[in-house]
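Below is one structure; the comments refer to it alone.
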Amino acid sequence: MIEASDLTKRYGPTVAVDDLSFVVKPGRVTGFLGPNGAGKSTTMRMILGLDRPTGGQVLIDGRRYGELEHPLRTVGALLDARWAHPNRSARSHLRWLARSNQLPRSRVDEVLDLVGLSSVADKRAGGFSLGMSQRLGIAGALLGDPQVLLFDEPVNGLDPEGILWIRQLMQGLAAEGRTVLVSSHLLSEMALTASDLVVIGRGRLIAQASTAEFVDAAAGQSILVRSPRSDRLSVLLTANGASVVADPGDGPPALLVTGVTAEQIGDTAAANGIALHELSPRRGSLEEAFMQITGDDVEYASGSGNGRHRNENNPVGATS
């Protein structure tokens, strides 16, 4: 488990992380999301003892990172895929890490095989593609068989097969009871990978919730309705307090309805002799929810403004 309490980091007058508190639980993949400049990388560096907090603390299974006798056996991390010495082979790099934490050399070959690098284990890391470097970084994170894992943008440079592999790997690690925290800008992938989310902006917590709760609270859920008499149905539903808009999708003409239940839509249609060809819930996307919630917290906005405003009464854990 990772527990951040009132975590703060200042660089002179700049506040990179501002009184941030959250918990990352074992047995779940937790997505760590935020716009550029939100403080995600700084927070992950403080978790790993690479940056010292100005205030507050972060504990890993009840201890600060600096108190761990053999850190790789407790925490594995991938923060920078290119940090391996370019003139070292993948095997030499991992053997050096293993020796630093008194891990058996046999573990090196195990993780090389796990990440698919056995055939290039003796090649220089400097000649690796970004995707291969990511796999080497993941091998390093897994080397000590840790219970806590942190990944910063782990799918960068991976092809579709590699993205599927890392998704299944992270979910498998969480299923074993491990704590998995992953930061990524690829929101479509996070929607498939993460069970929980910690969302920050300008260094402050915006929300901590399950992925489903975050999407439903921010983007809402609409109901897709198809009917040969959609115009008449739209009038009736609007009169009953529903919000009705045309579905922008590429399929046959349809309505997106919010503010009433599917049962109410069906009852209204039946009472007025209107046939329904489709009546199905449609949940908003993580991308829509993320843009809605973080719209005021982007570091750089296109044009004169993005027109989005965060709901300060947002029910998924807003604290700023």
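Each value in this text was obtained by applying a stated rule to the coordinates, not by laboratory testing. In this text, all values refer to a predicted model and were calculated from it rather than measured experimentally. Cβ sites come from the backbone with ideal geometry, for glycine too, and all protein chains shown count toward neighbours.
Ordering R105, R178 by the number of other Cβ atoms within 10 Å of each residue's own Cβ, fewest first, gives R105, R178.
If I build a Gaussian network model for the chain, linking alpha-carbon pairs within less than 10 angstrom, which residue out of A262, A239, A289 has the largest mean-square fluctuation? In the Gaussian network model the winner is A239.
At 222 nm, what helix-only mean residue ellipticity would the chain give, in deg cm²/dmol to the nearest 500, using -39500 (n - 2.57) for each DSSP H run of four or more? It would help to have the intermediate numbers written out before the result.
Values: 10 runs with 101 residues, N = 320.
Calculated mean residue ellipticity at 222 nm is -9500 deg cm²/dmol.
Contact order for region 221-283, expressed relative to its length and based on alpha carbon pairs under 8 Å spaced 6+ residues apart, stands at 51 percent. Near G76, the amide H atoms lying under 5 Å from its own belong to V148, L149, L150; only residues 5 or more places off or on other chains count, and H is placed 1.01 Å from N. Mind pulling the angle between the C-alpha long axis of helix 160-175 and the longest principal axis of the chain? Nearest 10 degrees, somewhere in 0 to 90. It is inclined by approximately 80 degrees. The relative contact order of the chain, computed from alpha carbon pairs under 8 Å that lie at least 6 residues apart in sequence, is 20 percent. Residues L94, L205, ranked from the fewest to the most other C-beta atoms within 10 Å, line up as L205, L94. For region 221-283, the normalised intensity computed at q = 0.25 Å⁻¹ comes to -1.07 (log10 of I(q)/I(0), Debye sum over alpha carbons, equal scatterers, no solvent).
For the chain, a simple Cβ point-charge model (Lys and Arg +1, Asp and Glu -1, everything else neutral) yields a dipole of about 1040 debye relative to the Cα centre.
A viscosity of 0.890 mPa s and a temperature of 25 °C, combined with the Kirkwood radius over Cα pairs in Stokes-Einstein, give a translational diffusion coefficient for region 99-217 of 156 µm²/s.
Each residue in E69, E288 was given a count of other beta-carbon atoms within 10 angstrom of its own, and listing them fewest first yields E69, E288. Eigen-decomposition of the gyration tensor built on the alpha-carbon atoms of region 208-248 gives equivalent ellipsoid semi-axes of 28, 11, 7 angstrom, largest listed first. Volume per residue for the chain equals 168 cubic angstrom (convex hull of Cα atoms).
How would you order 50-56, 253-259, 133-139, 15-21 from highest to lowest mean count of nearby Cβ atoms within 10 Å?
133-139, 15-21, 253-259, 50-56
Dividing the convex hull volume of the alpha carbon atoms of region 135-286 by its residue count gives 158 Å³ per residue. The local environment of V111, defined by Cβ-Cβ distances under 14 Å, has a net charge of +2 under the rule Lys, Arg +1 and Asp, Glu -1.
A simple packing score, the average count of other Cβ atoms within 10 Å per residue, orders the peptides 37-44, 1-8, 208-215 as 37-44, 208-215, 1-8, with the highest score first. The spread of Cα positions in region 29-176, taken along each principal axis and listed from longest to shortest, comes to 45, 35, 32 Å.
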